[in-house]
């Protein structure tokens with residue numbers, strides 16, 4: 001048993017080291033004074049200042065955050081509705097087709113998704129004149145399309161595992177179905193909705209392939225900017241940007257864990 005415990009501990013340690021040592025090295029080299037990203041030249045915060053003076057980075061960051069917040073919110077609304085239908089409406093005509101359409105973006109290669117959406121937007125532009133140009137709206141629609149599948153699966157799993165007797169008791173006490181949904185169902189599945197929103201936000205903020213297909217001139221997202229910089233060689237300001245993203249994501253995960261824990265206790 002001791003040998004087995006040591007083996008499991010060793011595997012876990014190697015796995016965590018493989019995941020987190022590169023992140024730690026990125027944060028470490030973000031405080032590098034040298035112009036070379038991988039050569040240590042002393043401690044300095046100069047690249048954080050240079051980062052916030054770079055208008056291209058800030059524009060890409062603001063666009064990515066705006067798209068991520070909008071698409072995550074839309075995906076949470078639509079995904080929650082889809083998950084509710086799949087969990088509570090039982091068997092209905094077209095259920096298999098509906099379920100396949102909801103979950104297909106999860107298994108579809110991003111290249112195929114991006115290409116199909118590009119063809120869709122080009123066709124719509126030729127037929128009705130919309131979109132006038134590809135940018136915020138097209139990227140938001142694309143990100144909402146593949147993100148709502150994850151929200152639907154998470155919400156559906158939560159609804160299936162939830163005790164329906166609470167809703168039945170509320171209706172027995174005279175509560176109308178819509179009132180029961182807002183007073184009982186939504187608060188109970190709120191942790192799942194928060195988790196779905198955070199996952200959708202992360203997927204949108206991280207996406208490069210689909211955004212490259214459906215974006216146009218003047219709509220460079222943050223992953224697209226970072227990828228273009230990496231092709232020319234990583235600079236220390238990219239390490240600073242990555243460190244800020246790591247800090248923000250870590251803070252978001254911590255807040256989500258606190259909210260979920262409090263909701264579980266209540």
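Listed here are the residues, each with its yes/no results for (1) more than 30 Å from residue 212 (Cβ to Cβ); (2) at pLDDT 90 or above; (3) surrounded by fewer than 16 Cβ atoms within 10 Å (Cβ to Cβ); (4) under 27 Å from the mean Cα position of the chain (by Cα).
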{"residue": "141", "(1), (2), (3), (4)": "no, yes, no, yes"}
{"residue": "154", "(1), (2), (3), (4)": "no, yes, no, yes"}
{"residue": "161", "(1), (2), (3), (4)": "yes, no, yes, yes"}
{"residue": "167", "(1), (2), (3), (4)": "yes, no, no, no"}
{"residue": "187", "(1), (2), (3), (4)": "yes, no, yes, yes"}
{"residue": "194", "(1), (2), (3), (4)": "no, no, no, yes"}
{"residue": "197", "(1), (2), (3), (4)": "no, yes, no, yes"}
Task: Subset of region 48-63 that is without any contact (Cβ under 8 Å) to a residue 12 or more places away in the chain and assigned to a helix (DSSP H, G or I) - its residue that is nearest to residue 212 (Cα to Cα) - done: 62
- [ ] Kindly indicate the residue of region 64-78 that is within 17 Å of residue 154 (Cβ to Cβ) and in contact (Cβ under 8 Å) with a residue 60 or more places away in the chain and also surrounded by the most Cβ atoms within 10 Å (Cβ to Cβ) among those meeting that condition.
- [x] 75
- [ ] Please state which of the following conditions residue 99 fails to meet, knowing it meets all the rest: (1) over 30 Å from residue 159 (Cβ atoms); (2) part of a helix (DSSP H, G or I); (3) in contact with a helix residue (DSSP H, G or I) (Cβ under 8 Å, 6 or more places away or on another chain).
- [x] (1)
TODO: May I ask you to verify whether residue 201 is in a helix (DSSP H, G or I), crowded, with 18+ Cβ neighbours inside 10 Å and within 14 Å of the chain's Cα centre (by Cα)?
DONE: yes
TODO: Look through region 22-47, keep the residues that are part of a loop (DSSP other than H, G, I, E, B) and out of contact with any strand residue (DSSP E or B) (no Cβ under 9 Å at 6 or more places or on another chain), and return whichever of them is surrounded by the most Cβ atoms within 10 Å (Cβ to Cβ).
DONE: 30
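Specify which of the listed residues (130, 47) is farther than 24 Å from residue 218 by Cβ and over 18 Å from the mean Cα position of the chain (by Cα).
Details: 130 fails: farther than 24 Å from residue 218 by Cβ.
Answer to the check: 47.
The values are calculated or read from the model by the stated rules, or taken from the named source; none is laboratory data. Note that the structure is predicted; figures quoted are calculated from it, not measured. Glycine gets a Cβ as well: all are built from the backbone with ideal geometry, and neighbour counts include every protein chain shown.
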